[in-house]
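Since the structure comes first, as structure tokens, the remarks are kept for the end.
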Amino acid sequence: MIKELVHTELGKEVHAPAGYYIPFEETILKYRDRKVISILGSICIDAACCGSGNWNYIQVAGFLLQERVRQNTAGQPISVIETISDENDRQAIGKLLLEKYPSARIEIWD
């Protein structure tokens with residue numbers, strides 16, 4: 001599926017009801033003859049209802065088709081991506097990322 005990716009501001013805390021997260025790096029992984037775009041970050045949970053903890057995450061947006069083609073009204077760049085639907089590709093990409101970032105939790109967008 002073709003979608004738009006709004007690039008988030010790196011290094012800025014994003015507050016949520018039970019804590020916050022910080023996207024700190026955008027990466028491009030070469031996979032076969034394609035580019036996979038992902039966001040690395042850190043999550044901190046600190047709430048009486050949910051306990052506390054922190055960990056690193058990787059959000060895999062998808063295959064990068066067109067990079068930074070325009071901006072939204074807030075001035076954030078937008079790229080065009082294709083979500084990764086093939087289960088073999090999803091597993092292989094997850095494995096490559098875990099080799100590079102062994103302690104991160106990986107989420108591949110649908």
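Values as computed for the structure displayed
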read-out	value
Tensor-based shape of segment 60-110 (alpha-carbon gyration tensor, a/c under 1.5 rounded, otherwise prolate or oblate)	prolate
Distant-in-sequence amide H partners of Ile108 (H built 1.01 Å from N, under 5 Å)	Val60
Karplus-derived 3J(HN,Hα), 6.51/-1.76/1.60, for each residue of segment 69-77, Hz, glycine and proline x	7, 6, 10, 7, 5, 8, x, 7, x
For mean projected area of the Cα convex hull in nm², calculated from these coordinates, the label among (1) 8.4; (2) 11.3; (3) 7.7	(3)
Candidates Arg90, Arg32, Arg70, ranked by Gaussian network fluctuation over the chain, Cα under 10 Å, top entry	Arg32
Relative contact order %, segment 2-108, counting alpha carbon pairs below 8 Å whose residues are six or more apart	25 percent
Cα long-axis angle, helix 87-100 against the chain (0 to 90 degrees, to the nearest 10)	60 degrees
Prolate/oblate/rounded label for segment 17-82 (Cα gyration tensor, a/c 1.5)	oblate
Of the GluC sites (Glu not before Pro) in segment 10-71, those whose Cβ has at most 15 other Cβ within 10 Å and which sit in DSSP loop	Glu13
Cα gyration tensor shape of segment 1-48, rounded if a/c is under 1.5, else prolate or oblate by comparing a/b with b/c	prolate
Neighbour-count ranking [beta-carbon atoms within 10 angstrom, fewest first] of Ser103, Ser52	Ser103, Ser52
Among Asp89, Asp33, Asp46, residue whose mean-square fluctuation peaks in a GNM of the chain (springs only between Cα atoms under 10 Å)	Asp33
Length gained when the stretch Ile28-Leu96 is fully extended (0.36 nm per residue, less Cα-Cα span)	23.3 nm
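None of the figures in this text is laboratory data; all of them are computed from the coordinates on show. This is a predicted model, so every value here is computed, not measured. Backbone-built Cβ (ideal geometry, glycine too); neighbour counts: all protein chains shown.
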